[in-house]
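The numbers here are math on the coordinates, done by the rules we state, and not lab data. Just so you know, these numbers come straight off a predicted model, no measurement behind them. When we count neighbours, we look across all protein chains shown, and the Cβ atoms used for this are built from the backbone with ideal geometry, even at glycine.
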Amino acid sequence: MRAAALLAIAAAVAPLQHLAQAGENGATSPDGRAIYNFRCYFCHGYSGNAKTVAASFLNPPPADFTRATATELPEARIAATLREGRPGTAMKSFATILSEPEITAVARFVHDEFVVRKAVNTRYHTAENGWPDHERYRIAFPFATGEIPMSQSWESLDVEQAQGRRLFQESCITCHDRGPAGRNDVAWDTRPLSYPRNNFSFSAPVDASGSASPYAMHDRKPVIKGLTKSERHGEKLFQANCAFCHAADGTGKNWIGSFLEPHPRNLRDPAFMSSITREHFISVVSNGLENTSMPAWKNVLGKNEIQAIADYVNRAFHPLAVARPDKR
């Protein structure tokens, strides 16, 4: 059962280069909607409004396409951003991931669907995107649409509604963020999850982690006794800011980490970590990495906070390499 689940998810995250749509002359061209639904939705939202938990973890946040006019955000500008990325943000260049026809198709879809028509993208949950039989999650739909507010108390929900809310929080919340609780609302957890996608079941056999999802085990942070004050501070910062991509256990093998290209670094990998000095690690966190989804954190976190993260990574995942003395 677990092997079948892994194969199903592996197929879901494989590049969707084969998705195309037929043109008037019978030829095929890239399907901009399909590419957007696979590559862009977890930051920009499946309806282009950037209302996702992923978006709330990024500073500056992803663009909300629905707030722009056709003049402010023409198709050519969207295509240029896809090719070149946006320095200082998590928006990287897709020039080495998407072909020029695919970039054109995505830009055209975003501009028409979200900028011009302000439409709701209703074709994300398809079998091609890894969502066969999406109707099986119907009990969670009222929470995804906002029909039942997330701030509504548990006591006021009936049995099915409570089950739907648990399913929403355990499986849907990463991409269907309902926003933070208001001043008079009941607080609820917006932690991003490596959701089980179509392998979720309240009664399905579970893996060794206690979940029907092979990604769930990576959403659990390691339990370490005797952390120093700086390491404890780094743990809080890492789990609040870095675990979304690198996973709570530092492997980068959670759902989002497995989805991103290139994948976030596995901070437990001896082959990689044995060559990374503390100075290099701090530099990467501070300044980001070009042509990846690793943004610069120097304008979000202070120097002491970044140093605390380095202390935690060094203790929790793998010792950072010791810089060799300059032999000049």
So what is the orientation-averaged projected area of segment 229-316, using the convex hull of its C-alpha atoms, in nm²? 5.2
Long-range amide H contacts for THR277: which residues qualify at under 5 Å (H placed 1.01 Å from N, peptide plane, sequence gap of 5 or more or a different chain)? ALA321
Residue by residue through segment 278-295, which ³J(HN,Hα) values in whole Hz follow from phi under the Karplus form 6.51 cos²θ - 1.76 cosθ + 1.60 (θ = phi - 60°), with glycine and proline marked x? 4, 5, 5, 4, 5, 5, 5, 4, 5, 10, x, 10, 5, 6, 9, 8, 7, x
Spatially proximal lysines relative to LYS51 (Cα-Cα < 21 Å; intrachain offsets below 8 disregarded): LYS92, LYS118
Going highest first, how would you order 293-299, 220-226, 267-273 by mean Cβ packing within 10 Å? 293-299, 267-273, 220-226
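What FRET efficiency comes out for the pair PHE272/GLU155, r = Cβ-Cβ distance, R0 = 51 Å, nearest 0.05? The partial results should precede the final answer.
Numbers: r = 49 Å, r/R0 = 0.96.
The pair PHE272/GLU155 has a calculated efficiency of 0.55.
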Which distance in Å, rounded to a whole number, links the C-alpha centroids of segment 278-317 and segment 144-161? 39
Could you tell me the number of lysine pairs in segment 229-316 with C-alpha atoms less than 20 Å from each other, where the two lysines are 8 or more residues apart or belong to different chains? 4
Ranked by Cβ crowding within 10 angstrom, fewest neighbours first, how are TYR41, TYR36, TYR312 ordered? TYR41, TYR36, TYR312
